[in-house]
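Colleague: Below you will find the structure I want to go over with you.
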Amino acid sequence: MEEYESLSALEGVLTDVALPLDLPEAANAREVAKRSARRLGDHILPRLQSLDAPLVCVVGGSTGAGKSTIVNSLVGQHVSASSAKRPTTRSPLLLHRAEDARW
């Protein structure tokens, strides 16, 4: 997989960026390089290794914000309890298609 190899090499380059001169934007550039390398290693490269893996989405927010209502609406059926009583959902919910259960 050519893309994986190229991005892996880019992660290495970004990790090794030194920028030793004390220029006005050097600290910011070092932070951008570090953050970019971390994003490649933590998110992009693992995703490239298993493109058929399901996408993980987390719905988060304040108590009573309507998270369950949004999830129920997106799925098109009642999968998470919702009501005016706060908090209604008292434990995490993992929702997936049956064919994705192995993941």
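Colleague: Okay, helix-only estimate at 222 nm for the chain: each DSSP H run of n ≥ 4 adds -39500 (n - 2.57), divide by all residues, round to 500 deg cm²/dmol; what do you get?
Modeller: On the way: 4 runs with 43 residues, N = 103.
Helix-only estimate at 222 nm: -12500 deg cm²/dmol.
Colleague: While we're on this one: Mind checking the full-extension length gain between Arg102 and Asn72? Use 0.36 nm per residue of separation minus the Cα-Cα distance, one decimal, nm.
Modeller: Working: separation 30, 0.36 × 30 = 10.80 nm, distance 2.32 nm.
Extra length from Arg102 to Asn72 when fully extended: 8.5 nm.
Colleague: Next question, about the same structure. Output ³J(HN,Hα) for the range 11-17: one whole-Hz value per residue in order, computed from phi by the Karplus curve 6.51 cos²θ - 1.76 cosθ + 1.60 with θ = phi - 60°, and x for Gly and Pro.
Modeller: Per residue, the Karplus-derived 3J(HN,Hα) values read 4, x, 4, 5, 5, 8, 4 Hz.
Colleague: Now, a different point. Based on the Cα gyration tensor of the chain, what are the three equivalent ellipsoid semi-axes, each the root of five times an eigenvalue, rounded to whole Å and given largest first? Before the final figure, lay out the partial values.
Modeller: Values: eigenvalues 318, 93, 14 Å².
Taking √(5λ) for each eigenvalue gives 40, 22, 8 Å, largest first.
Colleague: Give the residue from Ala101, Ala9, Ala37 lying farthest towards the positive end of the charge dipole for the chain; charges sit on Cβ (+1 for Lys and Arg, -1 for Asp and Glu) and the dipole is referred to the Cα centre.
Modeller: Farthest towards the positive pole: Ala101.
Colleague: Using only Cα atoms and rounding to the nearest 10 degrees, what angle (0 to 90) does helix 26-39 make with the longest principal axis of the chain?
Modeller: Result, in degrees: 50.
Colleague: Same structure again: How big is the charge dipole of the chain about its Cα centre, in debye rounded to the nearest 20, if each Lys and Arg gets +1 on its Cβ and each Asp and Glu gets -1 on its Cβ? Don't jump to the answer; show the numbers that get you there.
Modeller: On the way: 12 positive and 12 negative charges, 196 e Å.
The dipole magnitude comes to about 940 debye.
Colleague: Can you run phi through the Karplus equation (6.51, -1.76, 1.60; θ = phi - 60°) for the range 40-54 and list ³J(HN,Hα) in whole Hz, with x for Gly and Pro?
Modeller: With coefficients 6.51, -1.76 and 1.60, one gets 4, x, 8, 10, 6, 5, x, 5, 5, 6, 9, 5, 8, 5, x Hz.
Colleague: Can you work out ³J(HN,Hα) from phi for every residue in the range 61-73, in order, using Karplus 6.51 cos²θ - 1.76 cosθ + 1.60 and θ = phi - 60°, giving whole Hz and x for Gly and Pro?
Modeller: Values, residue by residue: x, 5, 4, x, 6, x, 4, 5, 4, 5, 4, 4, 5 Hz.
Just so you know, all these numbers are worked out from the coordinates, no wet-lab data involved. Since we're looking at a predicted model, the values are computed, not measured. With ideal geometry, Cβ positions are generated from the backbone for all residues, glycine too; neighbour counts draw on all protein chains shown.
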